[in-house]
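The values are calculated or read from the model by the stated rules, or taken from the named source; none is laboratory data. Every value quoted in this text rests on a predicted model; they were computed, and no experiment measured them. Reconstructed Cβ throughout: ideal geometry from the backbone, glycine too, with neighbour counts over all protein chains shown. Note: accessible area is taken over every heavy atom of the protein model, side chains too, but ligands, DNA and RNA are not part of it. Shrake-Rupley method; radii C 1.70, N 1.55, O 1.52, S 1.80 Å.
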Amino acid sequence: MDPQAVTDNVLQRKRKLTYVVIGFIFLLSGIEYAVVLPTIWMYLQELDAQPFFLGLVLSAFSLTELLAGPLFGYWSDRTGQTKFVILLSNCFEIAGNFIYFVGISKWLLLSSRLVAGIGAGAGASIFGYLTRTSSSQDRVTVFAMAMSCRQVGLLIGPAFNVFLRYCNFNIGPFHVNKFSAPGIFMCALWTLMQLMVLFMFYDLPMKPPEALEKENEPLLKQTENLNPELTPSYGTINSTHKPSTEDADTTEYSSNTCSPTSQIITCNPEHGAQDGNCNNIQNATGFVREEIVTLLAAQFVTLFNQTALETLVTPLAQKYLGFQDLQNSLLYFLCGIELLIGFLAVRTLSPCSSDRALLIFGLVVCIISCIWCLVFLAKPRGGYGLLMGEFVVGVFLQILGLPFVAVPQVSLFSKLTAENTQGFNHGIRRAMGGIATIMGPLWAAGLIENLYIMLGVMMGLLLLVTVMVGASYKYLLEPINTEVHVPR
């Protein structure tokens, strides 16, 4: 057999195993969320915590994820050791969930979520890895499948709660009940995940720079440039692509605004350290471009609204519908089904629809959801059946819009930022989301008795980001003819 074919088969097998491990990591993150969230409010009540403490505990996880994400992403970009980053982050997940299991005071519970949040910071490195190992055409599909794994975790998580709620035994000096059981359960699952990462995850080797130069040199040509002030563009010799009107807008924009992709080409690698400074400056300025700011704003607003409504759901359902832990678990189970269907719908529609069109649709659905909640849930009226219907429709609409905002936004962000720093880029993006998931629960917990103010501000933020997306609509496209194409 051809040695090259054997090598390709081995690399393909390693890539598949690595993707399986990544899928399980997202799956466990969804399971953890689903088994902890339905009971954490009652766990805090048992520890004599005030209502505002719920917001603190939910925000604690996002706070440390915000801080750890860019650091882990930068580390994996510089070293290429995504596997080691994941192994280290999983140690924090194991420790955090064990502290949650011990949970003898509300402050220990707060500490547990702070520690576990550090482990979640590895998500930036994982998204960077997925970006580097997928083509731009497959980006939406890859991200949608990864996020779908998390939704599967949200789907099956409540099923674990069904039997965890019957736990009533001791492990040494620690008592296991329906509130502490999720901690020891997730501790065991993350320990098993360590073994999967150790034996099944591979940092696939990158091509050496010399090989890239030899491979690129005969395949490049410089296109004619009638304007000497513009940076020359490059493409493959057999390229016959003629940009459409929409593509022309993108090409002109890419040339005039120095997108990160084109900047990588203009920096001369022969300059050595000076080139490193050039890339650092370009990566820093790349985040203040109009379309990137718009995508980060969309990330912030959607996660802020999502976590605020999630914080509101359990107290509101308990107050007006009498929901307890079992009913909350069933509610999150149904939400998981809807989310999974939504992500699969995005994956199905992505080949025949642009990222920006899907993003606009998701924002419109989120606006409708916020209007519904403002009208019907800010001051609930009527009997139990009517309240149940209003509550279910509000939750349904909120869940429906989320996949159509989350996936296109991540895909566009990966296409419009420099590929050689994707781990750090996604760390910044997830940090923006972390700020949102810190502020969202705090905002909701502090205004749980003033829903008109809480929901009104959320509505205003959604309208603002929708206007920003509309204003930046023509820029929310992948740059054309600005990167060197290397045959795989």
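Within segment 187-215, restricting attention to residues that are part of a loop (DSSP other than H, G, I, E, B) and open to solvent by 50 Å² or more (accessible area, probe 1.4 Å), the residue that is modelled with the highest pLDDT is Tyr202.
For segment 323-333, what are the residues that are hydrophobic (A, V, I, L, M, F, W, C), open to solvent by 30 Å² or more (accessible area, probe 1.4 Å) and in contact with a Leu (Cβ under 9 Å, 6 or more places away or on another chain)? Correct list: Phe333 only.
Within segment 467-482, does at least one residue satisfy the condition of being open to solvent by 50 Å² or more (accessible area, probe 1.4 Å) and among the small types (Gly, Ala, Ser)? Yes, there is a match, as at least one residue in segment 467-482 is open to solvent by 50 Å² or more (accessible area, probe 1.4 Å) and among the small types (Gly, Ala, Ser). On inspection, Trp75 qualifies as open to solvent by 10 Å² or more (accessible area, probe 1.4 Å) and under 15 Å from Ala124 (Cβ atoms).
Looking at Ser148, Ser111, Ser105, Ser125, just one residue is more than 20 Å from Ser29 (Cβ to Cβ) and of a type outside the set (Lys, Arg), and that residue is Ser105.
The set of residues from segment 1-47 being in contact with a Lys or Arg (Cβ under 7 Å, 6 or more places away or on another chain) and surrounded by fewer than 18 Cβ atoms within 10 Å (Cβ to Cβ) comprises just one member, Leu47. Out of segment 130-157, which residues are closer than 20 Å to Ser76 by Cβ, crowded, with 20+ Cβ neighbours inside 10 Å and hydroxyl-bearing (Ser, Thr, Tyr)? Selection gives Thr131 alone. For the condition among the hydroxyl-bearing types (Ser, Thr, Tyr), within 17 Å of the chain's Cα centre (by Cα) and either in a helix (DSSP H, G or I) or closer than 30 Å to Met432 by Cβ (or both), Thr131 qualifies. Taking Asn420, is it touching a residue at least 24 places away in the same chain (Cβ under 8 Å), open to solvent by 50 Å² or more (accessible area, probe 1.4 Å) and either more than 29 Å from Leu56 (Cβ to Cβ) or in contact with a Gly (Cβ under 8 Å, 6 or more places away or on another chain) (or both)? Yes; evaluated as a whole, the condition is true for this residue. Within segment 15-35, residues that are in contact (Cβ under 8 Å) with a residue 12 or more places away in the chain and under 19 Å from Phe84 (Cβ atoms) have Cβ atoms under 6 Å from residues that are open to solvent by 20 Å² or more (accessible area, probe 1.4 Å) and outside any helix (DSSP H, G or I) in these pairs: Thr18/Tyr202, counting only partners at least 6 apart in sequence or on another chain. In segment 335-355, what residues are in contact with a Phe, Trp or Tyr (Cβ under 9 Å, 6 or more places away or on another chain), part of a helix (DSSP H, G or I) and either under 30 Å from Glu449 (Cα atoms) or among the polar types (S, T, N, Q) (or both)? Across segment 335-355, the qualifying residues are Cys335, Glu338.
Against the criterion of being more than 24 Å from Asn420 (Cβ to Cβ) and surrounded by 16 or more Cβ atoms within 10 Å (Cβ to Cβ), Trp107 does not qualify.
Residues in segment 377-424 that are of a type in the set (Val, Ile, Thr) and in a helix (DSSP H, G or I): Val392, Val393, Val395, Ile399, Val405, Val407, Val410, Thr421. Which one is surrounded by the most Cβ atoms within 10 Å (Cβ to Cβ), of the residues in segment 291-317 that are at pLDDT 80 or above, among the polar types (S, T, N, Q) and farther than 21 Å from Leu28 by Cβ? Residue satisfying both the conditions and the ranking: Asn305.
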